[in-house]
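A short worksheet on the structure shown next.
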Amino acid sequence: MGDTTIIEEEALKNETLLQNKFTEISNEFRKMEILSYETDYSKRFSSTPGAPEETEKMPVKTLVFHLVNECNLRCTYCYAGDGEYGVPQKYMTMETADHAIQFLMENSFGEDTVNIVLFGGEPLLNWKTLKHVVEKATEEGRKWGKQVGFSLTTNGTKMNTEQMTFLHHHNVMVSVSMDGTKEAHDRYRPMAGGQGSYDRVSKNVEKLMDIHTSAPIGTRVTVVKDFEKLEKSLKHLLSKGFYEVGFAPVTETNMQLALNEDDLFELLRQFEELSELFVEHALKNEYIGFSNLTNLLKELHTGTNKAYGCGAGLGFFAVSPDGGLFLCHRFNENEEFRMGDIYFGIDQKKRKQMLEDLHVDNKSTCKSCSLKHICSGGCYYEAMERQGDYRKPNAHYCNWMHEWITIGLKAYVKILRHNPTFLDKISGTTKERCISN
Ligand code: SF4
Ligand code: SF4
């Protein structure tokens with residue numbers, strides 16, 4: 001844990017400089033008379049939605065099912081402590097899964113679409129329950145008049161043909177964790193026996209691409225110190241057939257793995273290169289799946305105005321193998337973040353207090369930050385790891401965030417000027433999708 005006061009002071013010192021930069025780019029919108037977004041922009045951003053008063057009336061829209069807390073990989077950087085979250089092995093039973101599905105149906109009042117995230121450890125280690133969840137929730141969704149969307153995060157080492165076919169038939173959105181080329185991937189993602197996992201994953205991914213054509217398949221790269229050139233990783237993974245690649249810096253305080261300030265700025269520089277590549281293709285109506293930028297562009301285009309770093313505790317919860325409810329998947333099995341259970345419901349008192357505490361206007365530096373409606377203080381888990389308190393702003397990355405948003409705004413302005421419909425497509429505001437890469 002660093003000296004957070006010094007970091008916060010630094011962030012404040014740089015604030016004026018960075019805010020000017022942000023304003024400068026925002027002014028581009030005005031000069032170019034860019035549609036209503038630009039006018040609404042300031043209005044939208046002038047007030048933050050308040051903390052919810054009646055949390056018991058807020059629907060649960062997404063539930064992460066921790067089907068198992070065990071994993072067959074031993075990734076050096078895993079936040080779950082070798083996949084086990086520091087607790088004995090637990091597999092979710094079908095009975096618990098049924099209760100969790102019931103909980104979601106009953107608590108998603110007013111919503112006609114809900115989402116289930118199939119998660120672990122490695123969720124495919126509990127295939128019987130996974131399959132049951134998809135079939136049962138689809139059936140329950142029909143009874144309740146709700147569309148159920150499924151997504152699966154997997155390390156990709158355990159998939160067989162039958163499983164791939166099932167995932168295809170049920171339109172499950174699959175995300176496979178891969179860290180780039182074989183060399184980069186095998187460095188930190190060994191099997192439990194110590195050998196690299198790349199060959200196995202790569203073979204499965206090839207097969208998956210052939211079989212599972214009903215929903216695009218994405219991948220996520222964990223960026224660790226001395227990381228491979230991002231463009232190399234991106235091109236390699238797109239060539240394997242992935243629709244999108246997302247890059248996430250490792251959440252680590254161990255400085256042998258964590259990115260220091262220089263590494264973070266190198267990451268930013270490479271994000272800028274990828275953004276330029278993205279724009280170059282976007283202007284030709286081609287989609288290069290660099291999802292970090294896609295997500296930012298979507299937020300800019302739809303005028304996101306967030307009061308919270310993410311949806312945890314709002315419409316999003318995680319359920320542990322034995323039915324406990326937690327703030328999100330990364331807080332799984334951490335009693336401080338237990339939010340009730342699927343049998344007796346959400347602890348509304350705790351939820352209300354947490355949402356009060358986590359509101360962006362209750363975070364010292366965020367309150368007056370020009371990015372507060374996009375960043376809103378960032379991830380609570382990261383804040384706990386880096387700042388020692390989940391309620392604190394992620395002050396260690398404020399400068400980075402300002403620079404990144406500036407890169408995003410520049411990309412946004414260029415695309416808006418020369419190919420505006422591309423932004424509608426990636427934001428889902430038109431039915432047409434951009435899928436060529
Ligand atoms: S909103 Fe984000 S960038 Fe702004 S002060 Fe808070 S954590 Fe930093
Ligand atoms: S707290 Fe962090 S890890 Fe959890 S859902 Fe929010 S952004 Fe994700």
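Each Cα pair of the range 243-327 feeds into the Kirkwood radius, which the Stokes-Einstein equation turns, at 25 °C and 0.890 mPa s, into a diffusion coefficient of 154 µm²/s.
Note that the range 137-186 shows a convex hull volume over its alpha carbon atoms of 84 Å³ per residue.
Close amide H contacts of Val68 (hydrogens built in the peptide plane, cut-off under 5 Å, sequence separation of 5 or more or a different chain): Met92. Our estimate of slack between Met191 and His418, defined as 0.36 nm per intervening residue step minus the Cα-Cα distance, is 77.0 nm. Indicate the gyration tensor shape class of the range 218-267 (rounded, prolate or oblate), computed on the Cα atoms with a ≥ b ≥ c the square roots of the eigenvalues: a/c under 1.5 is rounded; otherwise a/b larger than b/c is prolate and the rest oblate. Cα axes put the range 218-267 in the prolate bin. Report the FRET efficiency, 1/(1 + (r/R0)^6), for Gln147 and Ser427, where r is their Cβ-Cβ distance and R0 is 22 Å, rounded to 0.05. Calculated transfer efficiency: 0.65. Summing charges over neighbours of Val148, with a neighbour being any other residue whose Cβ is under 15 Å away from its Cβ, gives -1 when K and R count +1 and D and E count -1.
Sort the range 314-437 into rounded, prolate or oblate with this rule: let a ≥ b ≥ c be the square roots of the eigenvalues of the Cα gyration tensor; rounded if a/c is under 1.5, and if a/c is not under 1.5, prolate when a/b is larger than b/c, oblate otherwise. In terms of gyration-tensor shape, oblate.
Computed over the chain, the per-residue total of -39500 (n - 2.57) for DSSP H runs of n ≥ 4 gives a 222 nm mean residue ellipticity of -14500 deg cm²/dmol, rounded to 500.
Computed packing ranks the peptides 375-388, 336-349, 152-165 as 375-388, 152-165, 336-349, most packed first, by mean other Cβ atoms within 10 Å. Solvent exposure of the chain, expressed per residue, is 44 Å² of accessible area, with all protein chains present and a 1.4 angstrom probe. Placing dummy labels 7 Å off each Cα toward the beta-carbon, the span from Glu56 to Glu266 is 5.4 nm. Under 5 Å between amide hydrogens, built in the peptide plane, is the criterion, and for Phe242 it picks out nothing among residues at least 5 positions away or on other chains.
Packing order of peptides 175-184, 240-249, highest average first: 175-184, 240-249 (average count of other Cβ atoms within 10 Å over each peptide's residues).
For the chain, the C-alpha radius of gyration divided by 2.2 N^0.38 Å, with N the number of residues, is 0.97. To put it simply, the accessible area of the range 226-269 at a 1.4 Å probe is 49 percent carbon and sulfur.
Charged side chains reduced to their Cβ positions (Lys and Arg at +1, Asp and Glu at -1) give the chain a dipole of some 940 debye around its Cα centre.
DSSP beta bridges confined to the chain are antiparallel in about 25 percent of cases.
If the Kirkwood radius is taken over C-alpha pairs of the range 171-240, then at 10 °C and 1.306 mPa s the Stokes-Einstein diffusion coefficient equals 125 µm²/s. Can you classify the range 118-263 as rounded, prolate or oblate using the Cα gyration tensor, where a ≥ b ≥ c are the square roots of its eigenvalues, rounded means a/c under 1.5, and otherwise it's prolate if a/b beats b/c and oblate if not? Here the range 118-263 falls in the prolate category.
The values are calculated or read from the model by the stated rules, or taken from the named source; none is laboratory data. The structure displayed is predicted, hence computed values, not measured ones. Note: ideal-geometry Cβ built from the backbone for every residue, glycine included; neighbour counts use all protein chains shown. Each accessible area value is taken on the protein alone, full model and side chains, heavy atoms only, with ligands, DNA and RNA left out. Shrake-Rupley method; radii C 1.70, N 1.55, O 1.52, S 1.80 Å.
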